[in-house]
Structure formats: C-alpha cells, structure tokens
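The values are calculated or read from the model by the stated rules, or taken from the named source; none is laboratory data. This structure is a prediction, so every number in the text was calculated from the model and none was measured. We place every Cβ from the backbone using ideal geometry, glycine too, and count neighbours over all the protein chains shown.
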Amino acid sequence: MKKIVIAAMLAITATAFAGEVSVSALRDYNTKTDGFRVGTEVAGISLTGTHLNKQYNRYAVGKDFSVTKVGPVEIAAGVAGVYQDSNHGKSGYGLSAGANATYALNKTVDAVIGVERFVGQARIKSFDGNIATVGLTAKF
C-alpha cells in the first residue's frame, strides 16, 4: 500500500511539470492479472509506473514514435527500459516494446488502447509476456 501512495504522489508531482498525464487499466496475459498504470511525458520521454496486484511494480522510461494516422486515430510504436520490483522477492531489469492507438475525445482528453511485450532478465523471466491497456490521457 505504501508503494501505491508513493506512486500516486509522484504522479501528482509530475503533473506540475508535465504536459500530459495518462491513467490506464491493464491486463497481463502471462500472469492473468489486472492492474493499472500511471504515466506522463516530459520533454518527449515517457515515464510510467505500473502496479499489478500481488505480482509486481514496474517503472519504465521510454520513447513513443508516431507511425501513421488513420482517420482520427493516431498509431504509435514505442520502446522502454523497465525496472521490475516483484512482490515475490525477485526484481530485475527488462525491455518492453509496444504499439498504441490514440483517439482524441476533445482538445484535452484522448482515449488510448495499446499492447506491449515485456522481456526481462533471467531472474524475472517468468514475467515475460504480453500486456493490453486501455485508458485516458489528459493534456495540460
């Protein structure tokens, strides 16, 4: 619970310096568990914190790249370096790669869906797998 409070405080603090904040629900298909993600973008770099109930917390630094626009939907791909703090005592580093689709609901709020693949060090290899997300991004 302490980690959730700290993550929330960091997210609130980051909003003072960020141009956007996102909140997403997610599903980890490897562990078959649901969780949530809070993120922001600072100077073109995305910073995210992911909490998966009773499994892990992941902190990622990465970059998204616009791929194309299909009508009102923006398609992007991204990569990130990840640190995973597991609740089972095994922590380590990994990489994630994914894609997302963004649809502008209005000038300040976007709906975002995405998929990503996580690959970690040998000690956290049991957490390798796919994640699906759905959420909202608010721009300031």
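Tabulated values for the structure
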{"read-out": "Residue identified as out of contact with any Lys or Arg (no Cβ under 8 Å at 6 or more places or on another chain) and within 16 Å of S46 (Cα to Cα) among G81, G98, G71", "value": "G81"}
{"read-out": "Spans of strands (runs of 3 or more DSSP E) in region 58-140 with at least 3 residues among the charged types (D, E, K, R)", "value": "109-120"}
{"read-out": "Matching residues in region 17-41 - criterion: being among the hydrophobic types (A, V, I, L, M, F, W, C), farther than 21 Å from R117 by Cβ and surrounded by 13 or more Cβ atoms within 10 Å (Cβ to Cβ)", "value": "A18, V21, V23"}
{"read-out": "Any hit, region 44-59, residues being of a type in the set (G, A, S), in contact (Cβ under 8 Å) with a residue 40 or more places away in the chain and under 18 Å from N30 (Cβ atoms)", "value": "no"}
{"read-out": "Options G39, G78; residue that is modelled with pLDDT under 95 and either under 15 Å from G135 (Cβ atoms) or not hydrophobic (A, V, I, L, M, F, W, C) (or both)", "value": "G39"}
{"read-out": "Failed item, numbered, when G89 is tested on (1) surrounded by fewer than 20 Cβ atoms within 10 Å (Cβ to Cβ); (2) at pLDDT 95 or above; (3) farther than 17 Å from E20 by Cβ; (4) small (G, A, S)", "value": "(2)"}
{"read-out": "T48, sole failed condition from (1) at pLDDT below 90; (2) closer than 17 Å to L136 by Cβ; (3) surrounded by 18 or more Cβ atoms within 10 Å (Cβ to Cβ)", "value": "(1)"}
{"read-out": "Those residues of region 89-140 which are among the aliphatic types (A, V, I, L, M), farther than 15 Å from L52 by Cα and touching an Asp or Glu at 6+ places or on another chain (Cβ under 6 Å), in sequence order", "value": "A104, V119"}
{"read-out": "Candidate set: region 7-35, residues that are under 20 Å from G92 (Cα atoms) and not hydroxyl-bearing (S, T, Y); chosen: the one modelled with the lowest pLDDT", "value": "A7"}
{"read-out": "Selection within region 29-78 - polar (S, T, N, Q) and within 14 Å of the chain's Cα centre (by Cα)", "value": "T40, S46, T48, T50, N57"}
{"read-out": "Selected residue (criterion: modelled with the lowest pLDDT) from residues of region 110-140 that are among the aromatic types (F, W, Y) and surrounded by 15 or more Cβ atoms within 10 Å (Cβ to Cβ)", "value": "F127"}
